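Visitor: Below you'll find the structure I mean.
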Amino acid sequence: MSKALSLQVSQRAGIGRKAVKAVRKNGRIPGVLYGKAKGDKAVHSRAIEIEAKNLGAILQKSTSENVLVDVEVTDADGKKVDQHLAILLDVQHHPLKDYIVHVDLHEIAQDEILHAEVPVTSVGEPLGVKTGGGLLETMLRTIRVACLPRDLPDLITVDVSHLEIGHSVHVSEIKLPEGVKASNPPELPVFSVFAPKEEVVEAPAAEVVQPEVIKEKKIDENAAPAADAKGGAKPDAKAAPKAEAKK
């Protein structure tokens, strides 16, 4: 179950690039607090700034992406203005340097159903892995849940020690904390154990036999004509024609 962490923020008077740059120069992080006034359906936004060290401590203490905070808003003189329960909606980091450049907080009501993705992890070694050499695969890394803000879990753990090869744990089989319901389809597998992959041994490539090239025999024009089957010499195709018979 998520525990709301205390976070103090100040109202930010200046807006725009120049004002935001001045906020960061003073070791503070610009941000926006989104929320609804009572009886109002429209979402309002309020410019805020947060001490960088305080926000860093909040993020280090949290074990989940869903960070629930009790936000105390103060004015420029440090006087408390109001207080809200909120969730860290977006934390933007500098793409090259290791620091936070902006943060969005979303106010939520304590009696409002919250929808969030909660990370899931496995515990135990499956039987199919221990005795059959199988492989445990994580099919879902997060489970979408619906619950009240104070009931939001940081992490969902699933015991997979009973799984054999070919078996899975589905969404419907996961025991969730009281007041928490899964929104994923119940038939979806979360963890599965598969049979070990057989090693495929490739056959050696067959030797390629090059075809024999028969070269044309060169005829020697000066050689004597070969004898025919009867032992006589073959007539020379180039020999002069026989003399014409006498009349």
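Bear in mind that the values in this text are calculations on the coordinates, not laboratory data. Note that this is a predicted model, so its numbers are computed, not measured. Neighbour counts run over all protein chains shown; Cβ positions are idealised from the backbone, glycine included.
Visitor: What FRET efficiency do you get for E117 and F194 if R0 is 25 Å and r is their Cβ-Cβ distance, rounded to the nearest 0.05?
Guide: Efficiency at R0 = 25 Å is approximately 0.50.
Visitor: Under a point spin-label approximation (7 Å from Cα along Cα-to-Cβ), what is the S172-A19 distance to one decimal in nm?
Guide: That separation, rounded to one decimal, is 5.4 nm.
Visitor: Something else now. Would any residue of segment 1-33 have its amide N under 15 Å from a label point 7 Å out along Cα→Cβ of A52? List them or say none.
Guide: Correct set: 20-31.
Visitor: Where nothing but the Cβ of Lys and Arg (+1) and of Asp and Glu (-1) is charged, how large is the charge dipole of segment 139-190 around its Cα centre, in debye to the nearest 20?
Guide: So the magnitude is around 220 debye.
Visitor: Please compute the length gained on full extension between T142 and S161, using 0.36 nm multiplied by the number of residues separating them and subtracting their Cα-Cα distance.
Guide: Working: separation 19, 0.36 × 19 = 6.84 nm, distance 1.97 nm.
The T142-S161 span can extend by a further 4.9 nm.
Visitor: Any idea how far the Cα center of segment 50-100 sits from the one of segment 136-155, in Å?
Guide: If we compute the Cα centre of each part, the gap is 22 Å.
Visitor: Which of the residue pairs K36/K79; K36/K61; K18/K53; K3/K53; K53/K181 have a Cα-Cα distance greater than 25 Å in the structure shown?
Guide: Numbers: K36/K79 22 Å; K36/K61 28 Å; K18/K53 22 Å; K3/K53 20 Å; K53/K181 35 Å.
Listed pairs above 25 Å: K36/K61; K53/K181.
Visitor: Calculate I(q)/I(0) for segment 101-180 by the Debye formula, one identical point scatterer on each C-alpha and no solvent, and give its log10 at q = 0.13, 0.20 Å⁻¹ to two decimals.
Guide: Per q value, in the given order, log10 I(q)/I(0) is -0.52, -0.90.
Visitor: Hey, another quick one. How long is the gain from H44 to N26 if the chain were fully straight, where each residue apart is worth 0.36 nm and the alpha carbon distance is subtracted? Provide the component values of the computation, followed by the final result.
Guide: Working: separation 18, 0.36 × 18 = 6.48 nm, distance 2.65 nm.
3.8 nm is the gain from fully extending H44 to N26.
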